[in-house]
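**Q** My questions all concern the structure below.
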Amino acid sequence: MTSQTIANTPTPDQIRRAPKVLLHDHLDGGLRPGTVVDLARETGYSQLPETDPDKLALWFREAADSGSLERYLETFSHTVGVMQTREALVRVAAECAEDLAEDGVVYAEVRYAPEQHLEGGLTLEEVVEAVNEGFRLGERRARENGHRIRIGALLTAMRHAARALEIAELANRYRDLGVVGFDIAGAEAGYPPTRHLDAFEYLKRENNHFTIHAGEAFGLPSIWQALQWCGADRLGHGVRIIDDITVRDDGTVQLGRLASYVRDKRIPLEMCPSSNLQTGAASSYAEHPIGLLRRLHFRTTVNTDNRLMSHTSMSREFEQLVEAFGYTLDDMQWFTVNAMKSAFIPFDERLAMINDVIKPGYAELKSEWLFRQTPSTSGFSAEKG
Ligand SMILES: [Zn+2]
């Protein structure tokens, strides 16, 4: 077993090449700094705090790290501020697909709130069509560079606004046309998901899928409402589920009713470690609840949330987890298969991704590691490993 574990420990290069699946990534949180600068110039947006891409990248990261919600939210006012034209949306979506593909992501569900992109005169439909066009363009460019990626869009409604039903209807209209589900996001405190029950009930009647940001800053009641009142298929973050888990001094673990339900029903948890560190939902990678939840076999997945603000990527998230928890390629594959099983595309397509892309990809990485080892340096041979 020990040799197997060593054999599976991934190098940073292997982590990057390993097939990865991303379920929780915000389009307005993943722009290239240079693109923000370009788009601000092209669209006449004059509010940027810096116009040099490197300085701007640092500004985004520091604002997100500052612990101030006001500054954190300000970062999105700039990215959203430059995403108000069709051309800007196409470019940002295309680059998103290319960047994820370059990072080894083979399937991603990327979310955005159409209602936040209307200031330049676009309609909700035009926003959705521009983003779809960008994703298709990015997928094609990635393919030309030897990367295979598929992107599905999730339409987000903002918790503090009153357009959730309208956005849910939009998600349903563009179903099978690039949109695979629905989400609500924004401040949890004071805006419980039950405010938008009409949207969730509508989607359920339409046999459609949705996830809800819940249990990030706010605790168990938010998770409970998202699941038992709204009927969410997945939980965005959901880290506070650990408040319903007791680890005793002797190491034994007891789950409360809600935590048991989440685990028994295989409710997917869209965990975003770096983002949680910035918002204070966890204090270090090593102390992040993902370690315990993985050990207890919750349906945990690894995600980026906001790549620009958190200065991260799927590879970086996995690098941090490998370092904190000693995860192996087997663990990476487990998280990846979990994510693919939890995607909102049809079952047969998920299965095909697992069997034709993910499993062969990991098998290849594991075998190449074994070939590199020699008995004299590793203490075991490829045959034994
Ligand atoms: Zn999020």
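The values are calculated or read from the model by the stated rules, or taken from the named source; none is laboratory data. Just so it is clear, the model here is predicted, and its values are computed rather than measured. A quick note on method: Cβ atoms are made from the backbone with ideal geometry, for glycine too, and the neighbour counts reach across all protein chains shown.
**Q** From the list Glu115, Glu129, Glu133, which residue is surrounded by fewer than 23 Cβ atoms within 10 Å (Cβ to Cβ), over 20 Å from Thr211 (Cα atoms), at pLDDT 95 or above and out of contact with any helix residue (DSSP H, G or I) (no Cβ under 6 Å at 6 or more places or on another chain)?
**A** Only one candidate qualifies: Glu129.
**Q** Keeping to segment 5-44, report how many residues are in a helix (DSSP H, G or I) and within 16 Å of the ligand (Cβ to nearest atom).
**A** Total meeting the criteria: 3.
**Q** In this structure, is Ala130 closer than 24 Å to Lys20 by Cα, outside the structural domain of Asp305 (by TED's automatic domain parsing) and not in a loop (DSSP other than H, G, I, E, B)?
**A** Against the criterion (closer than 24 Å to Lys20 by Cα, outside the structural domain of Asp305 (by TED's automatic domain parsing) and not in a loop (DSSP other than H, G, I, E, B)), Ala130 does not qualify.
**Q** For segment 58-71, state whether one or more residues are of a type in the set (A, V, I, L, M, F, W, C), in a loop (DSSP other than H, G, I, E, B) and within 16 Å of the ligand (Cβ to nearest atom).
**A** Checking segment 58-71: not a single residue is of a type in the set (A, V, I, L, M, F, W, C), in a loop (DSSP other than H, G, I, E, B) and within 16 Å of the ligand (Cβ to nearest atom).
**Q** Looking at (1) over 30 Å from Glu95 (Cα atoms); (2) among the hydroxyl-bearing types (Ser, Thr, Tyr); (3) surrounded by 18 or more Cβ atoms within 10 Å (Cβ to Cβ), can you tell me which one Thr156 breaks?
**A** (1)
**Q** Next question. With (1) farther than 29 Å from Ser313 by Cβ; (2) among the basic types (Lys, Arg); (3) out of contact with any strand residue (DSSP E or B) (no Cβ under 9 Å at 6 or more places or on another chain) as the list, and Arg140 as the residue in question, which single condition is left unmet?
**A** The failed condition is (1).
**Q** So, in segment 268-301, how many residues would count as being β-branched (Val, Ile, Thr) and touching a residue at least 60 places away in the same chain (Cβ under 8 Å)?
**A** 2
**Q** Related question: Restricting to helices (runs of 4 or more DSSP H) lying wholly in segment 179-271: which have 1 or more residues that are under 20 Å from Pro346 (Cα atoms)?
**A** Here the list reads 197-205.
**Q** To continue, here is another question. Just checking, how many residues over segment 198-209 are surrounded by fewer than 21 Cβ atoms within 10 Å (Cβ to Cβ) and over 12 Å from Arg163 (Cα atoms)?
**A** The total comes to 7.
**Q** While we're looking at this one, here's another question. Please identify the pairs in which a residue from segment 104-133 that is in contact (Cβ under 8 Å) with a residue 12 or more places away in the chain and more than 14 Å from Val179 (Cα to Cα) has its Cβ atom under 6 Å from the Cβ atom of a residue that is more than 16 Å from the ligand (Cβ to nearest atom) and part of a helix (DSSP H, G or I), counting only partners at least 6 apart or on another chain.
**A** Filtered contacts from segment 104-133: Gly104/Arg16; Gly104/Arg17; Val106/Val357; His117/Val127.
**Q** If you don't mind, another one. Please go through segment 300-325 and pick out each residue that is closer than 26 Å to Asp264 by Cβ and either within 16 Å of the ligand (Cβ to nearest atom) or crowded, with 19+ Cβ neighbours inside 10 Å (or both).
**A** Those that are closer than 26 Å to Asp264 by Cβ and either within 16 Å of the ligand (Cβ to nearest atom) or crowded, with 19+ Cβ neighbours inside 10 Å (or both): Thr300, Thr301, Val302, Asn303, Leu321.
**Q** Residue by residue through segment 272-286, note down the ones that are surrounded by 12 or more Cβ atoms within 10 Å (Cβ to Cβ) and not in a helix (DSSP H, G or I).
**A** Cys272, Ala281, Ala282, Tyr285, Ala286
**Q** In the set Gly280, Gly251, which member is modelled with pLDDT under 95, within 16 Å of the ligand (Cβ to nearest atom), over 12 Å from the mean Cα position of the chain (by Cα) and over 24 Å from Leu100 (Cα atoms)?
**A** Answer to the selection: Gly280.
**Q** Still on this structure, please answer the following. Please specify each residue of segment 181-221 satisfying the condition of being in contact with an Asp or Glu (Cβ under 8 Å, 6 or more places away or on another chain), more than 16 Å from the ligand (Cβ to nearest atom) and within 17 Å of Pro268 (Cβ to Cβ).
**A** Matches in segment 181-221: His209 only.
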